[in-house]
Amino acid sequence: MNKEQTITGIIRGTGACVPKRVLDNNEIAGFVDTSDEWIQERTGVKRRRIVESETTVSMASEAGRQALEEAGVLPEEVEMILVATGSADRVFPCTACQVQEALGAVGAVGFDLNAACSGFLFAYNTAQAYISAGIYRTILVIGSESLSRLVDWTDRGTCILFGDGAGAVLLRAEQGRNYRPAAHSDGKGGPALTGPGAVTRIRSIDGDSSKTKTEYITMNGKDVFQFAVRKVPQVIQEVLDENELSAEDIDWFVLHQANARIVDSVARRLRLDIEKFPMNLQEYGNTSSASIPILLNELNRKGVLREGQKLVLAGFGAGLSWGASILEWKSGSKTK
Ligand code: COA
């Protein structure tokens, strides 16, 4: 518990980029047996964006560029780029290296981090650790996903949920309170939500092409739902306790945007007003590691976030993985 002012990462810029192509529920109902009404009632999602010409790298780069611009930070000043993604365009080079090249952030070290829908939160925590250890002072943290490429578009249980996009924050080392995060993984629960194998063989070493598999996202929706509504309130309480705060001290709970019923349930279990839980999943679906920074950017650009307000960020997803972090919003001096 460290309440005194010390070195911490402050968000000085945000950015987001979503593909142009809008895919609404009615269009999905044209190729799988579902309906706009069913999808909205069970998930809250109305439409989502899906990549056509955009890529995980191009969206990440644009989101990052916006965050730098708002922060008034030059690409050459960035010391580290962390990209959270579960849908990189390539296994390597990593997305972060391609973003470095696109932005001209020649001095930055970059790597990707995959913790599925918890990815942005875990990348944010990693960046904070580098900053509080005094290693780097200027870090770009991005979540970027092209999940539409991993979805089985014949499976109505999963294809209705996901969308593509990217969000970014620029962290700068400043005086401030260093909040301790709470984060967990449970590999045993992994089979509840899986993505495709990272490597697809065109031809196996022994020449047997029948070993080539086409894999998609698979999910046990009920198990994932139960996991989320149980673990997210617990980890939020844990991070509050850890930092000697109560839920009433928090102005906004920025949760991973998976499903409106999950967000509602978390608010209810914590006995908090749903108004403190902003949502934009109606527009974008579940964009996995991009959902928290896309929402943060929206709240920032709309002027919803005010100087000194306290936010809880909470992520959860495949792994299984889940976690929560606290931050204090600073505004009005983005370019200083
Ligand atoms: N349209 C219409 N019917 C659908 C459907 C769809 N898109 N998807 C499933 N159904 C049907 C099922 O086939 C089932 O029919 P049956 O009763 O005839 O067998 C019925 O609806 C109920 O299915 P079920 O899976 O029990 O629905 P649900 O209420 O659990 O809702 C999810 C399904 C996926 C919306 C829900 O489980 C969920 O949101 N889970 C969490 C998923 C998530 O957030 N994952 C990412 C976490 S990071």
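Okay, here's what the table says:
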{"item": "Restricting the stretch 306-325 to residues that are aliphatic (A, V, I, L, M) and open to solvent by less than 10 Å² (accessible area, probe 1.4 Å), the residue that is farthest from the ligand (Cβ to nearest atom)", "result": "Leu311"}
{"item": "Filter result for Leu299 (aliphatic (A, V, I, L, M), part of a strand (DSSP E or B) and in contact (Cβ under 8 Å) with a residue 40 or more places away in the chain)", "result": "no"}
{"item": "Entirely in the stretch 1-115, the helices (runs of 4 or more DSSP H) that have 1 or more residues that are in the same structural domain as Ile131 (by TED's automatic domain parsing), touching a Lys or Arg at 6+ places or on another chain (Cβ under 8 Å) and within 16 Å of the ligand (Cβ to nearest atom)", "result": "25-29, 36-43"}
{"item": "Matching residues in the stretch 277-305 - criterion: being open to solvent by 50 Å² or more (accessible area, probe 1.4 Å) and farther than 19 Å from Arg47 by Cα", "result": "Arg301, Lys302"}
{"item": "Count - residues of the stretch 302-318 that are assigned to a loop (DSSP other than H, G, I, E, B), closer than 21 Å to Glu248 by Cα and touching a helix residue (DSSP H, G or I) at 6+ places or on another chain (Cβ under 7 Å)", "result": "1"}
{"item": "Pairs with Cβ under 9 Å, 6+ apart, first in the stretch 96-120 and β-branched (Val, Ile, Thr), second surrounded by fewer than 22 Cβ atoms within 10 Å (Cβ to Cβ) and not in a strand (DSSP E or B)", "result": "Val106/Pro75; Val106/Glu76; Val109/Glu79; Val109/Tyr136"}
{"item": "Pairs where the first residue, in the stretch 25-38, is under 18 Å from Phe162 (Cβ atoms) and the second is more than 8 Å from the ligand (Cβ to nearest atom) and among the charged types (D, E, K, R), C-beta under 6 Å, 6+ apart", "result": "Asn25/Asp36; Asn26/Asp36"}
{"item": "Within the stretch 34-56, considering residues that are out of contact with any Phe, Trp or Tyr (no Cβ under 7 Å at 6 or more places or on another chain) and open to solvent by less than 20 Å² (accessible area, probe 1.4 Å), the one nearest to Lys20 (Cα to Cα)", "result": "Thr56"}
{"item": "Any hit, the stretch 176-184, residues being farther than 28 Å from Glu238 by Cβ, in contact with a strand residue (DSSP E or B) (Cβ under 7 Å, 6 or more places away or on another chain) and more than 15 Å from the ligand (Cβ to nearest atom)", "result": "no"}
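The values are calculated or read from the model by the stated rules, or taken from the named source; none is laboratory data. In this text the structure is predicted, and so the values were computed from the model without any measurement. With ideal geometry, Cβ positions are generated from the backbone for all residues, glycine too; neighbour counts draw on all protein chains shown. Just so you know, the surface numbers come from the protein's heavy atoms only, side chains and all, with ligands and any DNA or RNA stripped out. Shrake-Rupley method; radii C 1.70, N 1.55, O 1.52, S 1.80 Å.
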